[in-house]
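Contents: one structure, followed by commentary.
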Amino acid sequence: MKHTQITAIFTVFILQLLVQGPSAQFSDGHEHNLQNIHARTTQSLDGLWSIIVDPLENGFYNARWQPRENGFFKDQKMSTPSELIEYNFDTDEQLMVPGDWNTQKEKLYYYEGTIWYRKIFDIDTIDDSEYFIHFGAVNNEAIIYLNGEKVGSHVGGYTSFSVKVTDSIREKNNVLVLKVDTKRKEDGIPTINTDWWNYGGITRSVHVVQIPKQHVYDYYLYLDPETKSQIKGWVQLGNSKEKDKVALRIPELNIDHEIYVDENGFAEFTINATPKTWSPSDPKRYEVLFDYMGTQLKDDIGFRIITTSGSQILLNGEPIFLKGISIHEEAPFKTGRVTSIEQVRVLLQWAKELGCNYVRLAHYPHNEDMVREAERMGLMVWSEIPVYWTVQFDNNETYANAEHQLEEMIARDKNRASVVLWSIANETPIGDSRLEFLANLAAKARALDSTRLITAALDPDGTSSREGKNFIDDPLGEHLDVIGINYYCGWYGGTPESCRTIEWDTKYDKPMIMSEFGGGALQGLHGEENERWTEEYQSAVYRNNIEMLKNIEFLAGTSPWILMDFRSHRRHLRRIQSDFNRKGLISEQGVKKESFYIMQEYYNSIEY
């Protein structure tokens, strides 16, 4: 696409938003923006689910590769002793939800393909409420059936989604079946080649959500960065009438504001207020209440302003250095996908102990508990979609997939003050189609949310050499508010000692975050500083890179790679890697390496 096409797409999107409101359905039929299920009436479907491993997808296709009318989603039972039914959820295996299948059963460790999940559940009472089934995440493609009928589908393994089931649910013996397919695809987001484990399954919690027929569906509140004395936002109602009234109350600020919606149930609002701002040193949040038709919806929301001035990042108008660490959604001590808030707290507490005020959640949206706990603990967040390495930048369907995941990421976390950076990509190669693809995503992110900074982690190929310095001139920089650079001096190039004297310059008067740097070490392996994989070698990488960082005048933050060792298909060196990326400052068993304390000392020396 050319620049004029990008502008045209952006204009069309704005017009659609004004006409449809922010809660419009997408073409796959499921609803995306059911906000804040934590505060609604829910019933957990977590626990043991019955499964059938189906590598040939015989539960979906017949012998002629046509979709079956009576596939596994029908959960059929024999009605006569002679009837032939070649599957039975009742006598097959089971898996825990939430959880990945790779670490639950040894035979599924490397498995990529289809597994069918089934859960039978009852509802106490069915009334005139609306009912949804909410999935925290299903990796990677899901088709959802309730009581034998398809009710929705979803592509993308790291974003939450809700399926409306009001017309399908019943009080007793509901049969929920999912076809979950984790095969990597060349035109997918992410694409075939990544450096993290392709964990399959229903990896985050599942809930039945019951809401009144007339309800607050979605909302957004933020502190106006221009006036700094107004809370702005919008609300979207479901099944409302024109001029229906919703009351917005923030008791601590003495706010009791009446909002009247239009014929689409949508309304914007502006309220004069000067709330105490959220920050890492004081992560202040306010109780926010929406009252509509006798039902109250509660959230805890912080207010802050994040902007830039030249090469500085400003939080609430004051310069702040982002002292961070990158984190994968990998469970401490047991590995596999994070499945509990306790695991989230362990990871974030390690980050706090390191001296962090910021975490980079790589390379995909993490579970909602991670973002909410970061907000509670005073940690700023970089949130990213998995546009990673070499995706098909000239493929329209690939772009639509990426944009869809961006929409879902922003929709879920737009009210979290902790999120200060939306990232649209990681280490993508220079090229025209890539630039157009990512420029579109940047424009989309700004259209959806103008209150946060847009970033991407650029590949070292996005730098050239000028006057003996590393010069940042990647053309994507024009479209970013903050430039991330991944640079592994002393590991993928040069010696550790060569790093300390490297100098940097940039084409852009913008903040730069060293979004990745570091090296690998097997925890407990010791030797000389020039001996690869030892803690001493990793420590030398860190010490010398820190000296380099101290000389970058436009540096606004760092998030070295990575907090904890994590599983990766790419890491084949037995007795050292053993399917783990060893760049963690902490081992997968929770033991800190020497480099943890080197980075901790550096962060403790930075005052702001």
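The values are calculated or read from the model by the stated rules, or taken from the named source; none is laboratory data. None of these values were measured; they are calculated from a predicted model. We place every Cβ from the backbone using ideal geometry, glycine too, and count neighbours over all the protein chains shown. SASA here: full protein model, heavy atoms, side chains in, ligands and nucleic acids out. Shrake-Rupley method; radii C 1.70, N 1.55, O 1.52, S 1.80 Å.
Each 10 Å bin from zero up to the one holding the largest Cα-Cα distance in segment 163-239 carries the following percent of pairs: 12, 24, 22, 30, 12, 1.
The modelled label-to-label distance between Gln104 and Phe333, using points 7 Å beyond Cα along the C-beta direction, is 2.0 nm. Amide H contacts of Val165: Tyr131, Phe132, Ile133, each under 5 Å away and 5 or more positions distant or on a separate chain (H built 1.01 Å from N in the peptide plane; Pro and chain starts excluded). Modelled spin labels at Asp432 and Phe471, positioned 7 Å past Cα toward Cβ, are 2.4 nm from each other. Karplus-based coupling profile of segment 67-78, in residue order and whole Hz: x, 7, 7, 10, x, 4, 5, 7, 6, 6, 10, 5, with θ = phi - 60° in 6.51 cos²θ - 1.76 cosθ + 1.60 and x standing for Gly or Pro.
For the chain, what is the percent of antiparallel DSSP beta bridges, rounded to the nearest 5? In the chain, approximately 70 percent of DSSP beta bridges are antiparallel ones. Each Lys and Arg contributes +1 and each Asp and Glu -1, all at the Cβ; summed about the Cα centre of segment 539-608, the dipole is approximately 540 debye. With each label modelled as a point 7 angstrom along the Cα→C-beta vector, the Lys228-Lys276 pair spans 1.8 nm.
Across segment 173-182, rounded Karplus estimates of 3J(HN,Hα) from the backbone phi angles (6.51 cos²θ - 1.76 cosθ + 1.60, θ = phi - 60°) give 6, 6, 10, 9, 10, 10, 8, 10, 10, 10 Hz, Gly and Pro being marked x.
Spatially, segment 181-213 and segment 220-286 are offset by 32 Å when compared through their Cα centroids. Karplus-based coupling profile of segment 414-425, in residue order and whole Hz: 5, 8, 8, 4, 5, 6, 10, 9, 9, 9, 9, 5, with θ = phi - 60° in 6.51 cos²θ - 1.76 cosθ + 1.60 and x standing for Gly or Pro.
Below 8 Å, C-alpha to C-alpha, sequence gap of six or more: please give me the relative contact order for segment 357-511 in percent. Answer for segment 357-511 is 19 percent.
Close amide-amide hydrogen proximity is noted between Phe471 and Ser464, Ser465, Arg466, Asp505, each under 5 Å apart and 5 or more residues distant or on a separate chain (H modeled in the peptide plane; Pro and chain starts excluded). How large a share of the accessible area of the chain, in percent, is made up of carbon and sulfur atoms when the probe is 1.4 Å and the other protein chains stay in place? In the chain, the share of accessible area belonging to carbon and sulfur is 46 percent.
Helical content alone sets the calculated 222 nm signal of the chain at -5500 deg cm²/dmol, taking -39,500 (n - 2.57) per DSSP H segment of four or more residues and averaging over every residue.
Taking amide H atoms as placed 1.01 Å from N in the peptide plane, the amide H of Asn102 lies under 5 Å from those of Gly200, each 5 or more residues away in sequence or on another chain. Taking every DSSP beta bridge that has both ends in segment 397-522, the antiparallel portion is near 20%.
Of the chymotrypsin sites (Phe, Trp or Tyr not before Pro) found in segment 306-373, those in coil by DSSP whose Cβ has at most 14 other Cβ atoms within 10 Å are Phe333.
For the pair segment 61-77 / segment 108-172, the C-alpha centres are spaced 18 Å from each other. Averaged per residue, the chain has 40 square angstrom of accessible surface, using a 1.4 angstrom probe with ligands and nucleic acids left out. A dipole drawn for the chain from +1 and -1 charges on Cβ atoms has a positive end, and of Thr191, Ala556, Leu354 the residue lying farthest that way is Leu354. Of the peptides 75-83, 484-492, the ranking by mean beta-carbon count within 10 Å, highest at the top, reads 484-492, 75-83. The Cys residues in the chain with no partner Cys Cβ within less than 4.7 Å of their Cβ are Cys356. Multiplying the residue separation of Glu112 and Tyr61 by 0.36 nm and subtracting their alpha-carbon distance yields 16.6 nm.
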